Structures are given as structure tokens and as C-alpha cells.
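The values are calculated or read from the model by the stated rules, or taken from the named source; none is laboratory data. Keep in mind it's a predicted model, so treat the numbers as computed, not measured. When we count neighbours, we look across all protein chains shown, and the Cβ atoms used for this are built from the backbone with ideal geometry, even at glycine. Accessible surface areas use protein heavy atoms only, side chains included; no ligands, DNA or RNA. Shrake-Rupley method; radii C 1.70, N 1.55, O 1.52, S 1.80 Å.
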Amino acid sequence: MSHVSEMWCYHWKWKLQHCLCLFTTYIICMQQAVHGCYDCRTVLTDPSGIFTSPCFPSDYPNSQACKWIIRAPHGYIIQLTFIDFDIEEAPGCIYDSLTLDNGESPMNLCGITAKGLSYNSTGNEMIVSFKSDFSIQKKGFNASYVRIAVSLRNQKVIIPQVPEMEAVSVAETVTVPELRQFTLCFEATKGNSNDNDDWKVFSYTDALLTELLSFGKTTKGHFLSITGTQCILKNGLPRNAEFFTGTFQQLCVVWDSFSGTIGVYAKSIYHVVHCPEIFDKIIPGSGRLVLGSNSDEVSSLNGDIYNFRLWNFTMNAQTLANLSCDVKGNIVDWENEFWSIPTSALKAENNLSCGSYLIPSSSIEPTSCANLGSLCQATVNATTPTPPTVTTNMPDTNRNDKPNNGGLFYRISITVSSSNPNSVSKVHDVVAEWLNRTFQNWNYTVYVVNISIHPGSIKEGARQKRSVRSFNALALLVYNSTNNIHLEEEDIRQKLISNNRTMEEGYQLNTVDVDPVEKCLAEENPPNYFWPDTRPTVTNFTFCHGSSVQTASRTCYLGLQNYTSYWGQPDLRNCTENAADIANQLLNLTGEGQQLTSDKVNDVVQKLKKIVNDEEIDESLGSTVVTIFSNILTSSDSVLAASSSEALKTIDALALKIHFSGPSMSISTRNLALGVSSINSTSFKGGSFSVSPQNNASDFQIDFDKDQASAFASVVLPQSLLKNLSQDEFEVISRAQFTFFNKNGLFQ
């Protein structure tokens with residue numbers, strides 16, 4: 001069968017190459033025809049991609065109503081980056097606007113302020129809506145998106161209020177053993193609701209829905225219920241006040257059947273509650289643990305929960321005081337594989353106690369009237385600057401001293417005084433307006449953000465009836481050095497001093513200090529990861545140790561309290577040997593606009609070969625791998641030559657290994673389409689494959705057992721195909737593979 005299969009695939013691919021030139025020409029004509037008015041209401045599910053406003057980079061048409069829904073699988077968030085952005089400017093974006101719904105709070109964007117900025121979703125879906133009115137068109141936007149694998153450590157869970165509809169439970173693969181003692185820790189918040197409401201945080205039941213274990217609160221106080229016996233934790237938690245508030249509070253509960261006691265560790269204090277009724281109790285195993293209540297009689301806690309961990313042994317007060325995020329629950333831990341959680345209940349956050357920063361994002365909020373107050377006019381008139389944002393520096397294999405491209409930041413500290421008895425808010429408005437006029441129409445593209453005013457001293461005037469009051473003002477000046485013109489702090493200082501007399505309300509400028517915000521200094525952290533001097537809000541990338549494909553990143557953040565820079569934690573998640581993470585990294589590395597060398601392509605192919613050979617391949621991972629090969633196929637023949645044989649073998653191996661449900665599966669990308677059909681050798685009656693264009697898309701469509709009139713290519717498998725095989729060969733046949741190449745770079 002191996003010889004027959006090789007001949008079959010060879011002639012198959014050879015015939016398809018003869019259709020290549022005609023096919024490529026057709027696609028180019030089709031793209032030009034639909035360029036001006038394509039369907040801009042669509043769902044995007046690829047691991048990464050790019051979409052634009054209609055007609056970009058030409059001006060978008062009037063009266064548009066577009067909507068893109070970007071979806072990722074469970075366990076991912078979406079990062080959206082605006083490569084280019086220019087939409088008609090108006091107060092409140094009342095004319096043309098882009099609305100971004102990240103799953104938490106929709107925001108309207110217009111003007112040019114979003115250019116270069118990245119936004120993260122809180123769940124696995126992001127909705128982008130664009131509308132234009134009947135007049136004034138701009139260039140629009142060009143946006144890229146990528147899905148990012150998110151650990152449960154970076155996500156909290158919204159406790160379901162209707163458990164039977166959207167239960168959050170421990171996964172079926174996790175078996176809870178019989179328990180005579182346990183330690184249970186979690187963090188939770190509570191929303192605004194009646195403090196006297198009865199509620200539960202979790203419930204553990206058997207197959208007959210008999211409750212075996214739960215924790216919650218009644219009018220009597222907080223309780224722990226074990227096999228029907230409810231123990232009120234009167235010494236450990238307050239009865240009439242709420243322990244859980246709007247911010248996360250950690251609680252640990254320790255139960256010991258042998259002593260009949262319950263330990264409660266809260267706010268660094270350990271209390272022991274005696275409950276003789278639970279002496280020698282046993283909690284049966286193999287039950288079902290859900291977050292919230294399991295019945296309609298008692299409601300669920302109206303809040304969020306995080307870092308739920310369970311151990312089948314007791315911990316003392318000292319152990320709980322030293323309990324770290326690295327101590328995993330030996331029965332249940334706060335990791336994805338331990339839980340079954342609907343997407344609607346997950347919410348990603350950066351500030352969770354055991355989480356790490358998801359995706360480096362700008363430490364400075366996008367410039368808007370809401371953020372700049374009375375300075376909004378200054379940012380419009382001062383040659384319309386681009387707001388500060390994270391600038392990514394990708395690793396350069398030829399040099400490691402690549403300069404950073406972030407903006408320059410300066411701390412401005414001034415003291416003003418006046419005999420007018422004005423409030424701090426009034427002084428803020430006066431200083432803001434003065435700064436507006438001072439830097440308006442200057443030779444440098446600058447703007448000021450985050451002005452803070454603090455009362456200073458009060459001096460009684462010898463000849464004046466009214467005292468003189470001083471105020472200290474602190475602000476951050478941002479200079480976008482797009483033309484590489486250096487701006488000295490002395491120039492800023494003199495600019496402020498020369499405009500002293502223009503300050504209104506009788507205020508005078510007393511002192512002026514201008515200092516540049518320091519870079520984050522070069523350091524090695526962790527070992528073998530070197531980070532160069534980096535400007536604030538800039539993210540640096542370096543290759544993972546021992547890899548020339550996967551990258552680690554680290555951001556230099558800007559603290560808005562005192563305007564100082566500081567390093568964030570290194571993001572080494574891509575450096576772990578996780579097949580999905582590696583595949584997504586390779587996808588980004590080979591994406592649109594990336595120039596690949598022959599060595600780089602070889603590294604990517606070797607990585608894909610290892611994934612295909614060593615890992616279980618489901619449809620999601622298989623789709624990512626095929627997309628990477630499609631990206632590689634855009635390279636020149638000379639770049640692909642050295643890796644072509646290994647690439648073809650890996651694609652064939654992928655088709656052989658990929659798991660799918662149903663009679664067939666297909667994966668279609670811009671340059672490569674793969675179809676696999678199950679074959680029952682004992683009842684095989686022939687079949688066919690065909691590839692044809694999809695409506696309003698650049699990818700292909702594979703059809704099985706259909707005669708497509710518009711097909712680019714088709715192959716018919718006659719019923720006699722298996723006729724002359726031996727019995728051994730006949731028994732092992734299980735699938736047929738169809739591979740369509742839009743480029744011939746792998747056939748050299």
C-alpha cells in the first residue's frame with residue numbers, strides 16, 4: 001500500500017501544479033473585484049489575522065455598519081492591535097466611530113489616538129463595530145489580532161447564579177477521594193446585595209444530589225456543612241458583617257474529623273471552632289463539586305471566586321501563613337485541567353494575587369478628553385501627536401543592541417502661588433489651561449498627562465490683607481520624537497519660565513524642575529535572559545534560552561504615582577514546551593509581513609515536525625500547523641528549497657495523525673488546503689475531493705462527494721481503487737488525504 005500511496009500522491013500533486021498559474025491569476029482578479037465592498041460583518045476564528053475598514057488604505061465609504069466578532073477557544077483571550085487608525089474626530093465620537101467591546105466595558109474610538117495601541121479581551125470573544133455617517137471620510141483602520149493562551153491563574157470566575165444552566169464544576173477527570181480531613185483555600189468577592197441573604201460559595205454532592213459539603217452564610221452566620229451537619233463559624237468569621245467585600249479576600253478552612261474541630265484562617269488570624277457533631281464524620285468520595293449553590297432554595301454568592309485549592313490533609317496556622325501560590329492543591333488546584341468552566345464565567349485580569357501580567361499593555365491610557373481634561377485642545381493643536389504606547393522590539397539575530405523606539409518622558413514639578421482663596425480643583429484647571437497654552441504650537445510634538453495638585457505653604461503678607469498660598473503641581477510631559485530631534489530638559493524649563501506671566505487668576509510661577517524619566521536599567525533576569533536599557537512603556541523581546549524561534553518578553557513600565565520607571569516580570573510563557581503555545585508563537589513569527597530566511601524556515605519546519613511527531617493533534621492544533629505552512633509558502637523558492645522535503649513529509653504525517661469526529665474534516669488557508677476523509681475498506685464505494693473558492697474569502701473550500709462546477713481541482717476515487725490490495729493492506733486502510741497547494745515552492 002505504501003508504494004501505491006506514494007504514486008497516487010505524486011501524480012495528484014503533479015497534476016495540481018499544472019493548474020497553479022491559472023488559479024493564481026484568478027484569485028488576484030477576484031480580490032481586486034471585491035476590494036471596494038466586501039462583507040464587513042463576519043466572525044473571525046483563525047488563531048491570528050488582519051482585518052481593515054472598508055477600502056483601506058483608501059477612505060472608507062459613507063453609511064457603513066460593520067461588525068467583526070473575534071472568537072477563540074476556551075482558555076484564550078484575544079489581543080487586538082491597531083496598526084493604523086484614522087477615523088473622523090468628534091466630541092464623544094458622535095459621527096464616525098469604532099466601538100470595541102472587550103467583554104467588560106465597550107469603548108468608542110475615533111481620531112488617531114488608537115494607532116499603535118493594543119487591547120485585550122477579558123474572555124475568549126471580542127466584538128469590533130465600525131460605523132460611518134453620510135459625510136467626511138478618513139483612511140480608517142488596519143487591525144491585527146492574535147489569540148493568547150491564558151492560564152487559569154490569570155482568570156477569576158464569576159460565580160453562576162443559575163447553576164443548572166451554566167455550572168462551574170470540578171472536571172470529570174478529577175476524582176475527589178473519601179475525606180476525613182481537609183484544607184480548603186480560596187479567594188472571593190461579594191457584590192452589592194442584602195447582607196442578610198443566605199448564600200453558598202460551593203457545594204459538593206453525591207450522585208443523588210445529596211449535599212455532602214458546602215460553605216456559605218445564613219442569618220446565623222458563616223457556616224461549614226459536612227454530611228448534613230451545619231457548623232456555625234461564630235468565632236472565626238463575623239456574624240452580622242460581611243467578610244467578603246468588593247475586593248478579593250482569602251479564606252482557608254481546615255476540617256479534622258478526628259478532633260471534631262474546624263480551623264478558620266482569615267486576615268492572618270487563625271481561629272479554632274469546636275463542632276462535636278462532626279466528630280468521626282466521613283465525606284464520601286467520587287462526588288461533584290460546583291461553585292455556588294446546587295439548589296434553588298439557597299442562592300449563590302453574588303461575586304467572583306479565585307484560586308480555589310483543596311488538600312486531603314490539615315495545615316496548621318504557621319503553614320497557612322507561609323502558603324504561597326506555588327503550593328498546588330493535591331485534590332483540586334486552580335489550573336485549567338482541574339475545572340469545567342463555561343466561557344461566560346471566565347474573566348481575565350492582570351492584578352490577581354497569583355497571576356502574572358497577561359500581555360504587556362500601555363502604562364499610559366490612550367489620549368482622550370476624559371483623561372486630559374482641559375488639555376484636550378492642546379493635544380489636537382500640537383500637530384496631533386500619537387499617544388504613548390508600548391513599542392515592541394523583536395529580536396535581531398545579527399545584533400543585540402537594537403535601539404528602543406518609545407517616546408521620551410519628563411517629570412515636571414512646579415510651585416505656583418496666589419493670594420486668591422481657590423480650591424485645589426480650581427488650581428488644577430488654571431495650571432492645566434496654562435500648560436495648554438504654553439506648549440500649544442511649539443516646535444516639538446509634546447503633550448502633558450496626569451496633572452496632580454498638592455497644597456503647599458501659607459504665608460501671611462506683611463503689606464497684604466490676604467495670605468499667599470502656594471501649590472505644588474506634578475505632571476508628566478510626553479515627547480514623541482518621531483523625527484529624532486532631541487529635546488533638552490532645559491528647553492522645557494525655559495519654555496515654562498518664559499510663559500510665567502500668562503498664568504490666569506493671579507497665579508505666579510515660583511519654582512520649576514524638569515527631569516527625564518529614567519530608563520529601566522539593563523539586567524539579567526532570570527539567568528540566561530538579558531534585558532538591555534529600555535525606555536518606559538517599551539516591551540523588549542529576546543529569544544528563549546536555547547531557541548531561535550520562541551521568544552520571551554519584558555516590559556519597562558511607567559508608574560503614574562511618582563513618574564518613575566520599573567521592570568515588569570519577564571514573560572517566559574512561550575519558553576515552555578507546550579505544543580499549542582509553540583504553534584501560536586510560530587504562527588506569529590511567520591505571519592504577514594515577516595521576512596523569513598532559509599535558516600528560519602528550517603527552524604520552523606523542524607519545530608512543526610517535532611509537534612506533529614510527538615503530540616496528539618486535534619483539529620485546533622492541526623489548523624494552526626496548516627496555517628503556519630501556508631505562511632511559509634509565501635517565501636521564495638530559494639528560501640524553501642532546503643526544507644521542502646521535510647515540510648511535505650510533515651504535512652503528510654499531520655494528515656495521518658490528526659484526530660477528527662465525523663466522516664471527514666478539512667482545513668483551508670490562503671496557500672494550503674487539507675482534506676481528510678474516513679474510509680471503511682469493507683464498504684468503500686468510491687468518493688471524490690474537490691477544492692473551490694469561498695464566497696468573499698481568500699481561503700479555499702474543500703468538498704467531499706460533491707461535483708463542484710467552480711472547482712479549481714478535483715480527484716475522483718473509483719470503487720475499484722482498493723481491488724488489488726492484499727488482505728493485510730486492505731485491513732489497515734482508514735483514511736484518504738487530499739492536499740491542495742496554491743504555491744509550488746515545496747516541489748523542487
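Here are some notes:
- Gap separating the Cα centres of the range 63-85 and the range 86-148, nearest whole Å: 10
- Per-selection Kirkwood Rh - the range 153-348 (Cα, Å, 1 d.p.): 16.7
- Under 30 Å from the Cα of Lys217 - lysines, other chains or at least 8 residues apart: Lys156, Lys190, Lys200, Lys234, Lys267, Lys281, Lys328, Lys347
- Size-normalised alpha-carbon gyration radius of the range 523-571, reference 2.2 N^0.38 Å: 1.22
- Heavy-atom accessible surface of the range 180-331: percent carbon and sulfur, 1.4 Å: 48
- Lysines whose Cα lies under 24 Å from that of Lys609, excluding same-chain neighbours fewer than 8 positions away: Lys13, Lys600, Lys649, Lys657, Lys743
- Its Cα gyration tensor gives the range 528-649 an equivalent ellipsoid, and the semi-axes of that ellipsoid, as √(5λ) in whole Å with the largest first, are 32, 16, 12.
- FRET efficiency estimate (nearest 0.05) - Cβ-Cβ, Asp614 to Thr511, R0 56 angstrom: 0.30
- Ellipsoid semi-axes for the range 408-516, based on the Cα gyration tensor and the rule √(5λ), read 28, 12, 12 Å when sorted largest first.
- Tyr444 sits with roughly 50 Å² accessible to a 1.4 Å probe, with DNA, RNA and ligands left out of the calculation.
- Coil-residue GluC sites (Glu not before Pro) of the range 119-214, DSSP, other Cβ within 10 Å capped at 15: Glu172, Glu178
- Selection of GluC sites (Glu not before Pro), the range 587-688, meeting DSSP coil and at most 14 other Cβ within 10 Å: Glu592, Glu616
- Contour minus Cα-Cα distance for Gln594 and Glu297 (0.36 nm per residue): 101.1 nm
- Chymotrypsin sites (Phe, Trp or Tyr not before Pro) restricted to DSSP loop in the range 125-178 with at most 14 other C-beta within 10 Å: Phe134
- Gain in span if fully extended, Ser683 to Asn316, counting 0.36 nm per residue against the direct Cα distance: 125.5 nm
- Taken over the range 115-175, the ratio of Cα radius of gyration to 2.2 N^0.38 Å equals 1.82.
- Net length gained if the chain between Cys325 and Lys657 were fully extended (0.36 nm per residue, minus Cα distance): 115.8 nm
- Heavy atoms of Thr597 accessible to a 1.4 Å probe, total area in Å² rounded to 10: 80
- For the range 579-741, with +1 on Lys and Arg beta carbons and -1 on Asp and Glu, the positive-most of Val604, Ala673, Ile632 along the dipole: Ala673
- In summary, the lysines within cross-link reach of Lys67, defined as a Cα separation below 21 angstrom excluding same-chain residues under 8 places away, comprise Lys115, Lys131, Lys138, Lys139.
- Stokes-Einstein diffusion coefficient of the range 43-187, Kirkwood radius over Cα pairs, 25 °C, 0.890 mPa s, in µm²/s: 139
- P(r) of the range 579-741 over all Cα-Cα pairs, binned every 10 Å from zero, in whole percent: 10, 35, 34, 17, 4, 0
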